[in-house]
1. Which of the residues belonging to region 368-405 are hydrophobic (A, V, I, L, M, F, W, C) and modelled with pLDDT of 85 or more?
2. Surrounded by fewer than 18 Cβ atoms within 10 Å (Cβ to Cβ), in contact with a Lys or Arg (Cβ under 8 Å, 6 or more places away or on another chain) and aromatic (F, W, Y), is that true of Y142?
3. Only one of these conditions is not met by L232: (1) in contact (Cβ under 8 Å) with a residue 24 or more places away in the chain; (2) out of contact with any His (no Cβ under 8 Å at 6 or more places or on another chain); (3) closer than 30 Å to N172 by Cα. Which number is it?
4. Quick one: P420 ticks every box in (1) assigned to a helix (DSSP H, G or I); (2) more than 18 Å from S560 (Cβ to Cβ) except a single one, so which number is it?
5. What do you reckon, is L228 assigned to a helix (DSSP H, G or I) and within 28 Å of S143 (Cα to Cα)?
6. Tell me which residues, restricted to region 181-210, are surrounded by fewer than 23 Cβ atoms within 10 Å (Cβ to Cβ), part of a helix (DSSP H, G or I) and hydrophobic (A, V, I, L, M, F, W, C).
7. Take region 254-263 and flag every residue that is of a type in the set (A, V, I, L, M) and either surrounded by fewer than 15 Cβ atoms within 10 Å (Cβ to Cβ) or at pLDDT 85 or above (or both).
8. Which number in (1) more than 30 Å from L156 (Cβ to Cβ); (2) crowded, with 19+ Cβ neighbours inside 10 Å; (3) among the basic types (K, R) marks the one condition that R534 misses?
Amino acid sequence: MSLQTDDSGGTGVASSSDTVGDTFYPLYDRLFSEDSEFVADVETKLNQARMTDTVELYLSRALGIGFISGLALWLIGVLLGYGIFATGLVQVDAILGFPVGNETLLEIIEMLRVPVLVLFTGLVFGSIGFAIGFGSLVAIPYSRASARKREINMLLTDSVSFMYALSVGGLNQLEIIEAMAQADDTYGEVSREFQSIVKETEYFDIDYRTAIRKQALETPSDELSQFLTDMLSIVNSGGDMESFLEDKKEKHMRTAKQEQELTLETLELFGEMYMTLSLFPLLLIIIMVVMQMIPDASVTNNMLYMTVYGLIPLIGVGFLVLVSTVKHDEPGDGYLSAGEANRIQSADEQGLLNLGLVEQFTGTYSVFDRIKNREGTHETIEVLKRPHIFFRDNPLYILALTVPTALVVVATAMVTGSAPTSVDGMMANAVWGTFVYLYIPLYIIAVPLAIFREWNVRHRNTVVNQLSENLRKLASANDTGMTLLESFKAVSDTTSGKLAREFEMMHTKVNYGMSLKETLIEFNNKYHIPRLARTTRLITEAQEASNQITDVLRTAARASENHDDIERERKSRTRMQVVIIVMTFMTVLAVIAILKTQFIDTMAGLDAGSGASGSEATGELAEADLSENTDIEMLSMLFFHAVTLQAIISGVICGYIRDADILSGLKYSVVLATIALVGWTLVA
């Protein structure tokens, strides 16, 4: 069994779970045989998910949870069945549907009909409960293994580039594996796979060839499994590891571009699907409005409410979930650590929310408590002097100001009578009521958050705009014989931009006594971008072995250029998806506006127009008031709310497709909602 970490809960939860598992183990032993394919598959997923439970205990626990949930829902089903059938709420006189000639048999059926229906309802609910309890627990290792597989595949290209750069830097096979195992703050799940190899060689006295072979069988990623298998063949044959890693690096870079192309093509398909699906509520609204005007039609106002407030958000949420299955954010938080107990913090990390080193010593001596209080006061004053910088670095904290402000404004409007407080009042003044209850909170909350979030992203991303070019310059300078530190100075003197200024600052810090590794990690943690973290990790590992790391810097530049190519293609292709979604919203807005002005408003004056006509051909039309079933104010309110919801949801989807971040959609939502508000104000 490989040495792996467990992601499960605390000791109390584990103890109670073990009790359930031990109790239901005899049931597991009776249901599953030793050669069961299902058991073997679950055991494989447990290993891939790095969960330490044995498959016997885990499935026994799942059976216990399934039994408990099934019993609970069985009781609910029995009570529900009794309430429906035994009390006569639902008549069951003709439930069989065929005649019975024998009176005795008929009496038995009459006597058993209700109890059987009650028990059957309980059985159905119990089965559903067991399936939910057992299935949800069994699905956990599958879900975790799938998440690990996704992250491994996303990071494998950079991981192979990292190993190749270390090989070029002069490290041997074992040192490369150990360095990869220590880089879990950068390469995440890929690094943890190599940690298993290192730990098995250290704690179980297994040679690293056997450990590599075993990990190739246990990893959830087929690509990493193939890489480890090929790596093992090179190790066994004594081949050139550097050439092997170079070939694998090029192969995985090509694979990353191909996968990006496939993802973008899938997103294009989803964009076309959304364009079609988002028009479905519009067509449904038009049909129901027309049907309402027909006498004796069965269309009710509730169906319109469900379409506007249920179907439109449901389609948007469903599409977001669909997009999330193919589009993922970049793994990692971008922070680097210098060791288990020596986490280097940047100036951005140290502040009002984290007072730094002094927090580790408070409570031991009173002097440290006084220092912490003074430091807290100092940081608070600094935040009050420059609050915009604090909110730039911590955008979500602006919600502590904007959410209460929005609530106060809305509550004041309600108390003073400025905003409608009833459904009839909302219908009579739909634009103003919606503005108070939706648009004012949207502007107060979303606009500052969107501004500070975009400022934060742009402030951090500016440093990587010229990363590839500056890495090439560093490699050229280092190739002339300069040390890495001297290369930083040379590049900063001949280059402009934020990254060049950071190079100059790093050179100054090292001259004042700070180590180059600490300087690099502090620089990375200041911006904490996952892409920058991988490049910084590469340079810090290589510079510890030698100051001449030209090939390493060129490898880092090549990896950065590959990332730039993928990013440019992604921005170009997703821009078209954003345009499609925005144009779809504009189409919905235009059609509903035309429906309001040219159809609904015309029907409102139908009586006067038909009464003025004396023609016998239109006599019946005059007698039939086609607008008597139509509430014009209600329809106007629903139309406005429909385009507003469509605007907000379309904006969120645009941001998620663009940057794989829900907050990125705030700016789109605000703009589209404003267009809906202005457009409907002109229409109404």
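The values are calculated or read from the model by the stated rules, or taken from the named source; none is laboratory data. Bear in mind that the values here come from a model prediction, so they are computed numbers and not experimental data. We place every Cβ from the backbone using ideal geometry, glycine too, and count neighbours over all the protein chains shown.
1. Passing the criteria: I389, F390, F391, L396, I398, L399, A400, L401, V403.
2. So Y142 fits the description; yes.
3. Result: L232 passes all but (1).
4. Evaluating P420 over (1) assigned to a helix (DSSP H, G or I); (2) more than 18 Å from S560 (Cβ to Cβ) leaves (1) as the failure.
5. Spelling it out, L228 is indeed assigned to a helix (DSSP H, G or I) and within 28 Å of S143 (Cα to Cα).
6. A181, V198
7. L262
8. For R534, the exception is condition (1).
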